Amino acid sequence: MRGSIERGWGWGHCAPSPLLLLTLLLFAAPFGLLGEETRQVSLEVIPNSLGTPQNLLHIRAVGTNSTLHYVWSSLGPPAVVLVATDTPHSTLSINWSHLLSPEPDGSLMVLPKDSIQFSSALVFTRLLEFDSTNVSNTAAEPPGTPYPPYTLADFSWNNITDSLDPATLSATFQGHPMNNPTRTFANGSLAFRVQAFSRSSRPAQPPRLLHTADTCQLEVALVGASPRGNRSLFGLEVAALGQGPGCPSMQEQHSIDDEYAPAVFQLDQLLWGSLPSGFAQWRPVAYSQKQRDRASALPCHASPLHPALAYLLPQSPIVRAFFGSQNNFYAFNLTFGASTGPGYWDQHYLSWSVLLGVGFPPVDGLSPLVLGIMAVALGAPGLMLLGGGLVLLLHHKKYSEYQSIN
């Protein structure tokens, strides 16, 4: 495993090296490194041939010579299977009766099989909650006394067809615990909003992750649920499917530019293998208000990856259907907030966003404001040297033209 994410905000505490500045100046590009600049994107809720509605969303993004398939589902815990092929003609095949059986192996396929260049999965297994009342160390692990987690496989989810929006290429899985004796979710819900993109752009609201046609975005929002403590911190347990004998790795990227997410100078990434490959990318920040400004920003901490036994994790039928039962999973926890400062307790609201894609992760170019500041900062010494040189030259010329009257 190549490194791990340290606990901490990661906001502006690292002074950029001269090499980083030079690299950013030479290679800053507004749209990052793209596999396909545009794709034809379609969203489809796959109907269950057996009649009962099931939440299975297929995003198909077709490029010139490739296709990306994102299969999202709330069968079991919320999960996504990501498949990249080297043909624009690959298709998804589902055997519903087999998928809903106790042994769903092989019931979900992308055809032709020999066109698959990359495949993996993410599973969101548990919603975590901690009591941080007596925690003064913001880097504590865990960040407080844990409450029993909410297992997302035990949630009841809405019919995703009702939220499907072809105009924005988005759909939302919204759920709450089926068994909730404490009624903490009586007026609350947990939502997973999925959005695809046909070209490069950036959302209007923070964290304003740069997306490309090779990515889709997940926004997780906890709204209205009653915390079990006065200063509860929430988190997510996430399981990533490993590729072969290797394991995914975590990476941090630092920047000198925070225009798109004020006071956040870092990007965190989960990478499957060496690039170009699959990736998940997020800023280490969440928000405790819908307007998502700097005042409502919360630190997002990611724990190191660790191997997880599949039988100890809530099972995702679509992951097993595509990959079979013999898999290597690596789990990590994301926790949002700290014991001091703003928190979920302010407005009973929490949101966090992540990009998922294939290829090279999007690279933020320097904003026009920062480029202007750097141009002035780097240009002023040059102008001073040029001006000084001209003064010396003129001064020398004046004396060279002096002639004696004798």
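The values are calculated or read from the model by the stated rules, or taken from the named source; none is laboratory data. Worth saying up front: this structure is predicted, and the values here are computed from it rather than measured. Note: ideal-geometry Cβ built from the backbone for every residue, glycine included; neighbour counts use all protein chains shown. Surface areas here come from the heavy atoms of the whole protein model, side chains and all, with no ligands, DNA or RNA. Shrake-Rupley method; radii C 1.70, N 1.55, O 1.52, S 1.80 Å.
For the condition touching a residue at least 24 places away in the same chain (Cβ under 8 Å) and more than 22 Å from the chain's Cα centre (by Cα), Phe130 qualifies.
Identify all residues within segment 148-203 that are of a type in the set (S, T, N, Q), within 26 Å of Pro317 (Cβ to Cβ) and part of a strand (DSSP E or B); write none if there are none.
Of everything in segment 148-203, those that are of a type in the set (S, T, N, Q), within 26 Å of Pro317 (Cβ to Cβ) and part of a strand (DSSP E or B) turn out to be Thr151, Ser156, Ser170, Thr172, Gln174, Ser189, Gln195.
For segment 198-205, the count of residues that are aliphatic (A, V, I, L, M) and within 27 Å of Arg320 (Cβ to Cβ) is zero. Scanning segment 140-158 for residues that are open to solvent by 50 Å² or more (accessible area, probe 1.4 Å) and within 23 Å of Val354 (Cα to Cα) returns Glu141, Pro142, Pro149. Per the conditions (1) among the polar types (S, T, N, Q); (2) at pLDDT below 95; (3) crowded, with 16+ Cβ neighbours inside 10 Å; (4) within 14 Å of the chain's Cα centre (by Cα), the sole criterion not satisfied by Gln217 is (2).
Restricting attention to segment 208-260, the residues that are closer than 30 Å to Thr184 by Cα and outside any loop (DSSP other than H, G, I, E, B) add up to 16. Selection of segment 279-329 for residues being of a type in the set (Gly, Ala, Ser), assigned to a loop (DSSP other than H, G, I, E, B) and open to solvent by 20 Å² or more (accessible area, probe 1.4 Å) yields only Ser325.
Tell me, which residue of segment 159-175 that is touching a residue at least 24 places away in the same chain (Cβ under 8 Å) and of a type in the set (Val, Ile, Thr) is most open to solvent (accessible area, probe 1.4 Å)? Per the criteria, the residue is Thr161. Among the residues of segment 176-183, are any open to solvent by 20 Å² or more (accessible area, probe 1.4 Å) and of a type in the set (D, E, K, R)? Within segment 176-183, one or more residues are open to solvent by 20 Å² or more (accessible area, probe 1.4 Å) and of a type in the set (D, E, K, R). Gly235: modelled with pLDDT under 95 and closer than 19 Å to Gln347 by Cα, yes or no? Considered against the rule, which asks whether it is modelled with pLDDT under 95 and closer than 19 Å to Gln347 by Cα, Gly235 comes out as no. Report whether or not Leu108 is farther than 26 Å from Ala331 by Cβ and touching a Phe, Trp or Tyr at 6+ places or on another chain (Cβ under 9 Å). Considered against the rule, which asks whether it is farther than 26 Å from Ala331 by Cβ and touching a Phe, Trp or Tyr at 6+ places or on another chain (Cβ under 9 Å), Leu108 comes out as no. Sort out which residues of segment 330-351 are of a type in the set (Phe, Trp, Tyr) and part of a loop (DSSP other than H, G, I, E, B), and write them in order of number. Answer for segment 330-351, where residues must be of a type in the set (Phe, Trp, Tyr) and part of a loop (DSSP other than H, G, I, E, B): Tyr344, Trp345.
Name the residue, out of Val110, Val135, that is in contact (Cβ under 8 Å) with a residue 24 or more places away in the chain, assigned to a loop (DSSP other than H, G, I, E, B) and among the β-branched types (Val, Ile, Thr).
So the residue among Val110, Val135 that is in contact (Cβ under 8 Å) with a residue 24 or more places away in the chain, assigned to a loop (DSSP other than H, G, I, E, B) and among the β-branched types (Val, Ile, Thr) is Val135.
Being open to solvent by less than 50 Å² (accessible area, probe 1.4 Å), of a type outside the set (D, E, K, R) and at pLDDT 95 or above: is that true of Ala263 here? Spelling it out, it is not the case that Ala263 is open to solvent by less than 50 Å² (accessible area, probe 1.4 Å), of a type outside the set (D, E, K, R) and at pLDDT 95 or above.
Looking across segment 70-93, the residues that are in a strand (DSSP E or B) and either touching a Cys at 6+ places or on another chain (Cβ under 6 Å) or surrounded by fewer than 21 Cβ atoms within 10 Å (Cβ to Cβ) (or both) come down to Tyr70, Thr91, Leu92, Ser93. Does segment 204-211 contain any residue that is of a type in the set (Gly, Ala, Ser) and modelled with pLDDT under 95? Yes: one or more hits.
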